[in-house]
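The values are calculated or read from the model by the stated rules, or taken from the named source; none is laboratory data. All values derive from a computational prediction rather than experimental measurement. Glycine also receives a Cβ, built like all others from the backbone with ideal geometry; neighbour counts cover every protein chain displayed.
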């Protein structure tokens, strides 16, 4: 019997990056985590674009998503830090301001919902660290991933730290711990905490690629052979955007990018198809070779 | 001479709604140390976005009217500034308050409006078109689409619904 969570996939993962969804659905049951898919979640809605336009509407949609699981008493688990960030920030606002909560609940009343403040929210990495335990990953490793791996935590998984309540953004180590658990070697690199830059691309494309270039260059300088991420936005920037960045900077990075559940799945002996590696834009050959070498 | 924040000029000249938002985000406590800008990835990458300067201009009442081209739209809400701020000023919250006000005046950046349009059309900020094929490639079936009528109903009368576009 595993622990059950309400799975909230968000927008980017089911539409553009289903490889991340596939990897989570195939890997987490191996760790005793079950997903309940019966909730009608919408966009969280996303912090970078919707909150700057209309905070009231942003809170209303977030409150609806939170209210959906309150009766079932399940914790919302999401593979997207944008979702966990929005829901936890909205929860923080609604739980600290009675007038605001009453106003938002007036809106929810029109669809027979109410926000009561009981919902819990965790990103899937937080589920892994706090509820499953990284030790458990070691017990399912069949083919160690003997690579030097650069951890990229991204912004919203950990910040604002007072609201997110997970690891300290400057001293986080769960991805490095996970890397060791699957038989890899974490690499220390400059710019580890730097933002991936994808969102900046909608207002300043040069700036967005500048940030990506800084990341790739730092990972390469430190001898990183792959990157591990926790966020679909970062994944898009580093996997899909890698070729475009390389072209602009006349560089050749060739750094495979893995979502953290894909890294676990590789070590657990799942296939490329189970983990959706066939849908990556940046080749994952180096990663597959490392796995095959440990067979 | 700097005008006194919160009285005549300065914050006093802003709409009651914006002033309340700025107050709630702790703006009056800013003492211009610039740790926000030093920690900001958008400032690093563009050289033009400067949250410290924006806060100063707003405090002094010397900030020009917002436009869709304003640098404030380069804030990506990463919260790096807030981790760095010694006075607990919600820097990203201030950037959001300014943008909420600009959206009210029809001065939002088009990239943001595009996301709002997607949200109001499907309940997601991504187009569901063509997803079956991509999902099939990795062995997944059709995805769940949220109840868009419920979403529209509860957003009735919001600025987002009125000005966000979409179907």
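The residues of segment A:69-86 that are part of a helix (DSSP H, G or I) and over 15 Å from residue A:40 (Cβ atoms), listed by number, are A:81, A:82, A:84, A:85, A:86. Filtering segment A:174-190 to residues that are surrounded by fewer than 19 Cβ atoms within 10 Å (Cβ to Cβ) and under 22 Å from residue A:214 (Cβ atoms) leaves A:186, A:188, A:190.
With respect to the conditions (1) at pLDDT 85 or above; (2) not assigned by TED's automatic domain parsing to the domain that holds residue B:126, residue B:63 falls short on a single one, namely (1). For segment B:1-39, the set of residues classified as modelled with pLDDT of 85 or more and either over 21 Å from residue A:55 (Cβ atoms) or surrounded by fewer than 17 Cβ atoms within 10 Å (Cβ to Cβ) (or both) consists of B:29, B:31, B:32, B:33, B:34, B:35, B:37, B:38, B:39, listed by residue number.
Is at least one residue of segment B:142-153 buried (at least 22 other Cβ atoms within 10 Å of the Cβ), over 20 Å from residue A:7 (Cα atoms), facing chain A (nearest Cβ under 7 Å) and modelled with pLDDT of 95 or more?
no
Here residue B:89 meets each of (1) outside any helix (DSSP H, G or I); (2) surrounded by 21 or more Cβ atoms within 10 Å (Cβ to Cβ); (3) at the interface with another protein chain (Cβ under 8 Å from one of its Cβ atoms) with one exception, condition (3). Scanning segment A:12-36 for residues that are facing chain B (nearest Cβ under 7 Å) and assigned to a loop (DSSP other than H, G, I, E, B) returns a single hit, A:16.
Conditions (1) under 20 Å from residue A:28 (Cα atoms); (2) touching a residue at least 12 places away in the same chain (Cβ under 8 Å), marked per residue:
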{"position": "A:98", "(1), (2)": "no, no"}
{"position": "A:112", "(1), (2)": "no, no"}
{"position": "A:117", "(1), (2)": "no, yes"}
{"position": "A:125", "(1), (2)": "yes, yes"}
{"position": "A:131", "(1), (2)": "yes, yes"}
{"position": "A:138", "(1), (2)": "yes, yes"}
{"position": "A:177", "(1), (2)": "yes, yes"}
{"position": "A:190", "(1), (2)": "no, yes"}
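Scanning segment A:74-96 for residues that are under 14 Å from residue A:62 (Cβ atoms) and without any contact (Cβ under 8 Å) to a residue 24 or more places away in the chain yields a single hit, A:95. Going through (1) assigned to a helix (DSSP H, G or I); (2) surrounded by 19 or more Cβ atoms within 10 Å (Cβ to Cβ) one by one, residue A:157 falls short only on (1).
Selection of segment A:262-289 for residues being touching a helix residue (DSSP H, G or I) at 6+ places or on another chain (Cβ under 6 Å), assigned to a helix (DSSP H, G or I) and surrounded by fewer than 24 Cβ atoms within 10 Å (Cβ to Cβ) yields only A:279. Looking across B:97, B:45, one residue alone is modelled with pLDDT under 95, at negative phi and facing chain A (nearest Cβ under 9 Å). It is B:97.
Going by the structure shown, is residue B:114 crowded, with 18+ Cβ neighbours inside 10 Å, within 12 Å of chain A (Cβ to nearest Cβ) and in a helix (DSSP H, G or I)? When the stated conditions are applied, residue B:114 does not pass them. The residues of segment A:37-68 that are part of a loop (DSSP other than H, G, I, E, B), in contact with a helix residue (DSSP H, G or I) (Cβ under 6 Å, 6 or more places away or on another chain) and more than 7 Å from chain B (Cβ to nearest Cβ), listed by number, are A:39, A:44. Tally time: how many residues in segment A:202-220 are within 9 Å of chain B (Cβ to nearest Cβ) and within 20 Å of the chain's Cα centre (by Cα)? So the count comes out to 2. Filtering segment B:60-78 to residues that are touching a helix residue (DSSP H, G or I) at 6+ places or on another chain (Cβ under 9 Å) and within 11 Å of chain A (Cβ to nearest Cβ) leaves B:68, B:70, B:71, B:72, B:73, B:74, B:75, B:76, B:77, B:78. Is there a residue in segment A:122-140 that is in a loop (DSSP other than H, G, I, E, B), farther than 25 Å from residue A:58 by Cα, touching a helix residue (DSSP H, G or I) at 6+ places or on another chain (Cβ under 7 Å) and away from every other protein chain (no Cβ under 14 Å)? Taking every residue of segment A:122-140 in turn, at least one turns out to be in a loop (DSSP other than H, G, I, E, B), farther than 25 Å from residue A:58 by Cα, touching a helix residue (DSSP H, G or I) at 6+ places or on another chain (Cβ under 7 Å) and away from every other protein chain (no Cβ under 14 Å).
Just one of A:152, A:156 is outside the structural domain of residue A:77 (by TED's automatic domain parsing) and in contact with a strand residue (DSSP E or B) (Cβ under 6 Å, 6 or more places away or on another chain); which is it?
On the way: A:156 fails: in contact with a strand residue (DSSP E or B) (Cβ under 6 Å, 6 or more places away or on another chain).
Of A:152, A:156, the one residue that is outside the structural domain of residue A:77 (by TED's automatic domain parsing) and in contact with a strand residue (DSSP E or B) (Cβ under 6 Å, 6 or more places away or on another chain) is A:152.
Listed here are the residues, each with its yes/no results for (1) buried (at least 24 other Cβ atoms within 10 Å of the Cβ); (2) under 29 Å from residue A:286 (Cα atoms).
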site: A:78; (1), (2): yes, yes
site: A:81; (1), (2): yes, yes
site: A:85; (1), (2): yes, no
site: A:106; (1), (2): no, no
site: A:111; (1), (2): no, no
site: A:161; (1), (2): no, no
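Taking the criterion of being buried (at least 24 other Cβ atoms within 10 Å of the Cβ) and in contact (Cβ under 8 Å) with a residue 24 or more places away in the chain, the residues of segment B:41-71 that qualify are B:41, B:42, B:49, B:51, B:55.
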